[in-house]
Every structure is written in C-alpha cells, then in structure tokens.
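To keep things clear, I will list the structure first and then write my remarks on it.
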There are 2 protein chains.
Amino acid sequence: MDDATALRSAGLRVTAARLAILDSVRAGSHQDAERIARGVRSRVGHASTQAVYDGLHALSRAGLLRRIEPAGSPARYEVRVGDNHHHLVCRRCGEVADVDCTLGEIPCLEPSSDRGFVIDEAEVVFWGVCPRCQEEGASPDERG
Amino acid sequence: MDDATALRSAGLRVTAARLAILDSVRAGSHQDAERIARGVRSRVGHASTQAVYDGLHALSRAGLLRRIEPAGSPARYEVRVGDNHHHLVCRRCGEVADVDCTLGEIPCLEPSSDRGFVIDEAEVVFWGVCPRCQEEGASPDERG
DNA sequence: TCGTTTTTTTGAATAACTCAAGATAGTTTC
DNA sequence: GAAACTATCTTGAGTTATTCAAAAAAACGA
C-alpha cells in the first residue's frame, strides 16, 4: 500500500505536506519535528512548522507513524509501527536505535501487578552510551 | 539515616529548602516540580521556583530522588530509589503508579541486541487507563 | 465545478524549564 | 565564635518545543 492509499484509508486527505512527512521520516532515523520539517521543505519547497506538527499528530493518531519521547529530548518519530520493538537511547548525544523485544511476542506486557490499570502497551527504553560517544568519551580531551 | 545525614554524605549542604523537598516528595506520589514547590512552600513559607528546580536536580544527581519523565507530562519525582521498579501511567489523567519488575532481578536489562551501546538502565513504562478514569470513561456523560 | 470539510498559514501564546549574576547562608578553619 | 570559602537561593530574563486560534487555501464527494 502506498502512502496516498494509506492516508486515504485512514480517513485523511492526501496532501503534498503529508506525503513529504512520511517520506522524510522514512529517510531518517528517529528524527524530531524540526529535522522532519527541514526534510519536508527540501522536498516540497515550503511548509509551515505548524503544518508539520499537525501532520505528525494526524499521522501518529492514524497509526502511520509512531511517536516516542525519550526523557530529555524532543519528540521523535518513526515509520516502524505495529510491531513490538523498543529503543536504545544514548545518554550523551540522545541518539536512538531500535531493538526488537527480547522476550517473545507481547513481552513485557505483564507487570507483576496491574493495580487496576487496563494496560495497552509496554514501552521499554534501554539507557546507555552509544558506540560513537564511547569513543569520544575515551579520548582525553573530552574528559571532564 | 535521616535526610540531613543523607544530604551531607552526598556532599550536599543541609538547607531548609532541600529538607522540605525530600519531605514533600515523600508525602506525595510522583509529583511534578510545581506541586513539589507548593509542598515546599507550605512547609518553609517561601522558596523560589528556581531553588526547587535546583534542589530537585541536586537530589536526583545525588541519588536521593529519582526523576521520571513520562511522555506528555512534566518531570515527576519519587523517593523510591535504588530498586528496580517500573511505572504504570494513565493515558487519560497522567497518574503514575509503581510496579515491581516482573522478571527477576535485573530484568529487562537484556535487549536482543545492544547495537554497541553500553547499557546501564532499562526503563519500563506500562501505558493504560487507571481505575478512576475507567469509571469515568464508562459513565455516559463523559463519552466523546 | 460547487460546496463542504480538512488542511495550511500566520501570528501569538504557553508550559516547563534553563541561564546568569549577585545576595545569602551552610560549613570548615582557625 | 568569627572569618573565609563556596554552595545555595533569589530575581529576572531567556529558551525550547509545542499548542492555540482565526482566516485563507486546498481536497474531495456530489
């Protein structure tokens, strides 16, 4: 299914801005709204920041994009939706990488007690330091 | 160990504001900075917002408080530190509840691939709807 | 092609913090 | 206990990421 069809079947209109958003998000990795806006502009010439925010909301609501918000960084978006994957986040530079879930199908979806909550999602974030920052951290002139 | 001693052994000075912060955080459940500031003021009469932010940072850095930032709500703080517990977050009202980790000691700390990251923490958030919001959602006049 | 409804633009507003400089007050030292 | 040192607090401004609102423009079904 192409993007236009996906938009339509989600009840959304097909606009240049939204196609460009999907395209931009797909081209990068866990980008934030500003970076996506730049990608959109490079594709369609002009788009207001607000249109990008609105589009990102609409597409997330429709399930065409997934929004993640790691502590300390602005919201980021990805096209990989519907599977149960999690994220590695670098404490130093904020870089985000995907990881499949370790534990089978609907894994972490079983807390020891749900305290009466009706749970629909288990979100897992692995915090650490990415390979690049490890190298930089090892060089003397970067040390605090 | 009382709070004053804990502060001192963390290399921090003992001030009325910081004692009040610890006290306030302990008294509530996963409160945000503004709510904590109110608690502090009710205890010591006056404290600037900035002093509360600074105190919360210092205490978190020192390991006396834990900071969590669920997507969509401001940072929240708790005194339960050092154990490996996770959180239930209500999608509707933002309420946060603690849950012990399901899977043993250092549980989810094993992603299927670490992609070269050096991981120090696995954060798990269970998203759902809290008991109170379930009731409200069930009543006709709340329905959308 | 018309009309309806969604989307986009423009411009302002907000929440939640952060930054900076000087005043104040813990703590250590004598 | 007083002085000195430096962490903490106050005050006030600044920032980032995002939301709100109203009018203009563009999709799409009829």
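Structure values in brief
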read-out: Simple Cβ-charge dipole of the protein assembly as shown, Lys/Arg +1 and Asp/Glu -1, about Cα centre, in debye nearest 20; value: 1180
read-out: Cβ-vector label at 7 Å, A:D120, separations to other copies in nm; value: 3.5
read-out: Residue exposure sequence - B:S9, A:S24, A:S73 - by fewest surrounding Cβ within 10 Å; value: B:S9, A:S73, A:S24
read-out: Under Karplus coefficients 6.51, -1.76 and 1.60, residue-wise ³J(HN,Hα) of the stretch B:88-94 in Hz, glycine/proline x; value: 9, 10, 7, 5, 8, 10, x
read-out: Neighbour-count ranking [beta-carbon atoms within 10 angstrom, fewest first] of B:V124, B:V25; value: B:V124, B:V25
read-out: Average Cα contact separation per residue, chain B, under 8 Å, 6 or more apart, as relative contact order %; value: 18
read-out: Simple Cβ-charge dipole of the stretch B:3-68, Lys/Arg +1 and Asp/Glu -1, about Cα centre, in debye nearest 20; value: 80
read-out: Taking the convex hull of Cα positions in the stretch B:18-57, its mean projected area over all directions (nm²); value: 2.3
read-out: Cα gyration tensor shape for chain A, rounded if a/c is under 1.5, else prolate or oblate; value: oblate
read-out: The stretch B:9-87 shape via C-alpha gyration tensor axes, a/c threshold 1.5; value: oblate
read-out: Two-site FRET efficiency, B:R132 against B:Q50, from Cβ-Cβ distance with R₀ of 45 Å, rounded to 0.05; value: 0.85
read-out: GNM flexibility winner over chain B from B:G116, B:G39, B:G128 (Cα, springs under 10 Å); value: B:G116
read-out: Per-residue [θ]222 nm for chain A (sum of -39500 (n - 2.57) over DSSP H runs n ≥ 4, rounded to 500); value: -10500 deg cm²/dmol
read-out: Most mobile listed residue (A:S42, A:S29, A:S113) in chain A, GNM with C-alpha springs under 10 Å; value: A:S113
read-out: For the stretch B:59-65, 3J(HN,Hα) per residue [Karplus equation, 6.51 cos²θ - 1.76 cosθ + 1.60, θ = phi - 60°, Hz, x = Gly/Pro]; value: 5, 5, 4, 7, x, 8, 10
read-out: Packing-based exposure ordering (other Cβ within 10 Å, fewest first) of B:H86, A:H57, A:H87, A:H46; value: A:H46, A:H57, A:H87, B:H86
read-out: The protein assembly as shown shape via C-alpha gyration tensor axes, a/c threshold 1.5; value: prolate
read-out: Point-to-point label distance, A:R26-B:A4, nm (Cα→Cβ direction, 7 Å offset); value: 6.5
read-out: Under-5 Å amide H pairs with A:E121, H placed in peptide plane, nonlocal only; value: B:W127
read-out: Residue of A:A33, A:A122, A:A62 that the Gaussian network model of chain A assigns the largest fluctuation, springs spanning Cα pairs under 10 Å; value: A:A122
read-out: Electrostatic dipole magnitude of chain A [Cβ: Lys, Arg +1; Asp, Glu -1; Cα centre; debye, to 20]; value: 700
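The numbers here are math on the coordinates, done by the rules we state, and not lab data. What you see is a predicted model; the values in this text were computed from it and never measured. Note that we place each Cβ from the backbone using ideal geometry, even for glycine, and neighbour counts take in every protein chain shown.
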